[in-house]
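The values are calculated or read from the model by the stated rules, or taken from the named source; none is laboratory data. This is a predicted model, so every value here is computed, not measured. Counting neighbours? That spans all protein chains shown, and the Cβs are built from the backbone with ideal geometry, glycine included. Surface areas here come from the heavy atoms of the whole protein model, side chains and all, with no ligands, DNA or RNA. Shrake-Rupley method; radii C 1.70, N 1.55, O 1.52, S 1.80 Å.
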Amino acid sequence: MNKSKILAAFSVMAIGGVAAAFAQYPVFTGYVPAGQQQPVQFGRPGQAQQPVMMPGQRVIQPGQVQQMPTTAANPTRVTGALPQVGSNATSRRYYQPGSFDRLADSGLYIGLSIAYATSVNGGLLADYRNQANAWFVPGSFRESPYKTDTVLPMQLSVGAAINSDIRVDFSYNRFSGISHPDSVQTSDGAGGFLNAAATGGAITATATMLNVYYNLDSYTGYLAGGALRPYIGVGAGISTNTIADYLIHDNNFYGEVPIGSPSIAGELTGISDIFAYHAGGTRENLAFMFEGGVTTEMEGGIKIDFFVRYTGLGKVQSSGSIVVSQTEWLGTGFGTIGDPGSEEPAPYDSVFHYTNWFESGNLGVLDLGIRLRLQF
């Protein structure tokens, strides 16, 4: 066999091998635009050929394919807001994403609020009212409601949203404009009560709390077209309540000797013009708050909370130190007690110091307020 015959044999073998391989494994011929693709068949010789699906084609009968349309036939454009799903009567309500996200809480925030106290609850009561001879020390033997001027609670808070429904913050609250009442009812020593004037006793309360707020719009649905988001909140912490010194003046006359008794020179016959100086005090307590309101949003990431809140601040308590100055009346030795000139003021003032004689009372504030929250 000469060289030309050998070369021809190798050529036939190479071409046959390539053809067989192509029949077994089709070769990718490059990208074909949609609409121009044809089914490619493969398989072993003698077997039924199965169509190979290309993008944009579907099978309508065995061995046949049809080009899928690239656009919807007769498309209809829908405009306007998406409908709400559910109802208040049957289930929870859901929102259009734009409205929901617009009011969603996110990230850190700083809040500043001011409120107006619509009600201040509680009052002072003498803890020593059952002590022997307690009537010698003027005080609140019946609960005396606090005197309130314009009370404007202030709050500074720093917090963050946990998710779209829950946020948590630390707050510092300050309450002022509260004071000891202008008058109290003190014991007359015989089972009754007499009025005594009071001055001073300004009360300041501060509270540091951890608060948790929960948005309710998943249950209440839209308010004001989705512009308002209702919420509730609870908080707990420590309050520091301080009352300044105050003075109680009892100008009643308390007789020590029955009228008509003989006047004995130098004998104590009565007491008048009692001044009781009550030292103020500071007390720390557990405090709590409940809040409900609605949130809306301004430009620049500022949210506004309109709320009603009740804060329980615990007890207000004096230091227990009372200094009493009083005028004593002595018999002159002339006539009978009750007659003119039968008794006269002593040439000295009597001063007594009482310790651990407290006056105290609970303090709670209900207020309406507005809070600005700047989110980061």
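Details
- For S179, the conditions (1) within 18 Å of L210 (Cα to Cα); (2) in contact (Cβ under 8 Å) with a residue 24 or more places away in the chain; (3) open to solvent by 10 Å² or more (accessible area, probe 1.4 Å) all hold with the exception of (1).
- Among the residues making up the stretch 219-260, those that are open to solvent by 60 Å² or more (accessible area, probe 1.4 Å) and of a type in the set (D, E, K, R) are D245, E256.
- Evaluated against (1) at pLDDT below 95; (2) in contact with a helix residue (DSSP H, G or I) (Cβ under 8 Å, 6 or more places away or on another chain), V324 falls short on exactly one condition, (1).
- Any hit, the stretch 182-191, residues being charged (D, E, K, R), over 22 Å from G280 (Cβ atoms), in contact (Cβ under 8 Å) with a residue 24 or more places away in the chain and surrounded by fewer than 17 Cβ atoms within 10 Å (Cβ to Cβ): yes
- Failed criterion for V308 (all others in (1) free of Cβ contacts under 8 Å to residues at least 60 places away in the same chain; (2) in contact with a strand residue (DSSP E or B) (Cβ under 9 Å, 6 or more places away or on another chain) hold): (1)
- Scoring W329 on the criteria (1) within 16 Å of the chain's Cα centre (by Cα); (2) of a type outside the set (S, T, Y); (3) over 30 Å from M209 (Cα atoms) leaves a single failure, condition (1).
- Taking the numbered list (1) at pLDDT 95 or above; (2) assigned to a strand (DSSP E or B); (3) open to solvent by 20 Å² or more (accessible area, probe 1.4 Å) in turn, W357 passes all entries but (2).
- Subset of the stretch 96-133 [of a type in the set (A, V, I, L, M, F, W, C), at pLDDT below 90 and surrounded by 13 or more Cβ atoms within 10 Å (Cβ to Cβ)]: F100, L103, A104
- Close pairs from the stretch 243-269: first at positive phi, partner exposed (fewer than 15 other Cβ atoms within 10 Å of the Cβ), Cβ under 7 Å, at least 6 apart: G260/T336
- Residues being part of a strand (DSSP E or B) and polar (S, T, N, Q) - total across the stretch 242-268: 1
- Residue list for the stretch 159-176, filter: over 16 Å from G201 (Cβ atoms), open to solvent by 20 Å² or more (accessible area, probe 1.4 Å) and out of contact with any Asp or Glu (no Cβ under 6 Å at 6 or more places or on another chain): A160, I162, N163, S164, D165, I166, V168, F170, Y172, R174
- Complete set of residues in the stretch 295-319 that are at pLDDT below 95 and under 14 Å from G233 (Cα atoms): T295
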